[in-house]
Amino acid sequence: MKIPSEPIGSIPRSPEHLAALADHQSGRLRDAEYREICLRAVQETVQSLEAAGEQVVTDGEQGKPSAYTYPIAGADNLASEGVVIPYADGHQRQLPLLTTGPFRYQTTAGQYLRTAKQCARVPVKQAVVAPSMTSLLYPPSGIAGYAREAFIQDVLDEAEKDIRSCLDAGAHKVQLDFEEARLSLKLDPSGGVLEGFVDLNNQLLERLTEQERTRIGVYCGPGADQDSTHSLDVDYGDLLPQLFRLQAGSFYLSLASEPDPERALKMTADQLRPGIRVFVGVTDPCDPRVETAEEVRDRVLRAARNIPADQLGTCDDAGFSPFADDQSTSRQTAFAKIRARIEGTKQAAEALAGN
């Protein structure tokens, strides 16, 4: 028996990479020089993931400014007064705001995938931002001559191009990052915003064929930035029925950090449908302590009591550094947690096979 295990996406940047990023942002480092540093960082990250035992790797998002803003970085029609994402420890992140239309991506995630595939010996997955997140860039006051309806169609068109750039480049899987799902319930407990987000993301997924949708995964968690979350206090019971309406082949759920993982697993089991796989989080990137393989094994076995083994996978609760400047977790700690996830998952699979 084999239980697949995959990373969510981001890996912390090295101190040298972070220094180069600061120099690039300040103009002290030229674009070509910074691109070369990012390329070396991707190569080292992919090789380290493979050495840890990953059978599916990512580029570690080494070249992205953030998991949310990579496609619009460098656009000249953005202001800084966008939606604020508040974290439990008091720090905040803020999205940009669109000032004029039309909305266009400056780059697609396919370029990151192609770079990673050049140095990978195993399949590569690619994370992309969901249209529900980019829909938040439209200002509440509107934009003269550019209606919200036109903006949403542009968002869907650009998101489809983003996904297809990855599918066409041979992505093992394209992971739709939907972290705003849980946060939306904190900001709007009625669930109306979440329902709208799910409807919008399904409009995107309906543009794909049934076969293509089997290669789409959806990641949902409570956030993980500077060792803090933005919505861990939101009940999964309010989220999961809406989440599993999404027409995707895989789901990646935060679980290691959950206060009551057994309850979350039972609710997940209630939402299962044939043909999908649920990857449950078995390591917590916000916890500086490195989990043991035995702890991971026991978490996987607990999940297997609720989710059929042929529909089960494991992952980390989140990416380790979704924003480029996050230094809360070292690369050493991240890779130690990844090794524990892989070894613990293997031990659980062997135990289940023995039964």
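The values are calculated or read from the model by the stated rules, or taken from the named source; none is laboratory data. None of these values were measured; they are calculated from a predicted model. Because the Cβ atoms are built from the backbone with ideal geometry, glycine has one as well, and the counts that use them run over all protein chains shown.
Comparison of Asn355, Asn306 shows that the only residue that is at pLDDT 95 or above, more than 30 Å from His24 (Cα to Cα) and out of contact with any His (no Cβ under 9 Å at 6 or more places or on another chain) is Asn306.
Of the residues making up segment 46-61, none is more than 30 Å from Ser5 (Cβ to Cβ), touching a Phe, Trp or Tyr at 6+ places or on another chain (Cβ under 8 Å) and touching a residue at least 60 places away in the same chain (Cβ under 8 Å). Looking only at residues that are assigned to a loop (DSSP other than H, G, I, E, B) and over 16 Å from the mean Cα position of the chain (by Cα) in segment 206-225, which one is surrounded by the fewest Cβ atoms within 10 Å (Cβ to Cβ)? That would be Thr209. Of everything in segment 297-335 that is touching an Asp or Glu at 6+ places or on another chain (Cβ under 9 Å) and of a type in the set (Gly, Ala, Ser), the residue that is nearest to Leu255 (Cα to Cα) is Ala318.
Scan the helices (runs of 4 or more DSSP H) fully inside segment 128-202 and keep the ones with 2 or more residues being among the polar types (S, T, N, Q) and either more than 15 Å from Glu212 (Cβ to Cβ) or touching a residue at least 60 places away in the same chain (Cβ under 8 Å) (or both). I'd like the intermediate steps shown before the answer.
Working: elements: 131-134, 148-168, 180-187.
So the answer is 131-134.
The residue pairs whose first member lies in segment 94-115 and is at negative phi and modelled with pLDDT of 95 or more, whose second member is of a type in the set (Lys, Arg) and in a loop (DSSP other than H, G, I, E, B), and whose beta carbons are closer than 8 Å, counting only pairs six or more residues apart or on different chains, are Tyr112/Lys64. In segment 273-293, the condition of being assigned to a helix (DSSP H, G or I), crowded, with 21+ Cβ neighbours inside 10 Å and of a type outside the set (Ser, Thr, Tyr) is met by no residue.
Here is a yes/no grid of residues against (1) touching a strand residue (DSSP E or B) at 6+ places or on another chain (Cβ under 8 Å); (2) within 24 Å of Ala334 (Cα to Cα); (3) surrounded by 17 or more Cβ atoms within 10 Å (Cβ to Cβ); (4) polar (S, T, N, Q):
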| site | (1), (2), (3), (4) |
| --- | --- |
| Ala20 | no, yes, yes, no |
| Asp31 | no, no, no, no |
| Ala52 | no, yes, yes, no |
| Ile72 | yes, no, yes, no |
| Val84 | yes, no, no, no |
| Asp89 | yes, yes, no, no |
| Leu95 | yes, no, yes, no |
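Which members of segment 343-355 meet the condition of being surrounded by fewer than 21 Cβ atoms within 10 Å (Cβ to Cβ) and of a type outside the set (Asp, Glu)? Quick ask: steps written out before the conclusion?
Of all residues in segment 343-355, those surrounded by fewer than 21 Cβ atoms within 10 Å (Cβ to Cβ) come to 343, 346-347, 350-355.
Lys346, Gln347, Ala351, Leu352, Ala353, Gly354, Asn355 - these are the residues of segment 343-355 that are surrounded by fewer than 21 Cβ atoms within 10 Å (Cβ to Cβ) and of a type outside the set (Asp, Glu).
So is Tyr105 within 21 Å of the chain's Cα centre (by Cα) and farther than 22 Å from Pro7 by Cα or not? Yes; evaluated as a whole, the condition is true for this residue. Taking the numbered list (1) surrounded by fewer than 18 Cβ atoms within 10 Å (Cβ to Cβ); (2) modelled with pLDDT under 95; (3) in contact with a helix residue (DSSP H, G or I) (Cβ under 9 Å, 6 or more places away or on another chain); (4) not β-branched (Val, Ile, Thr) in turn, Ser26 passes all entries but (3).
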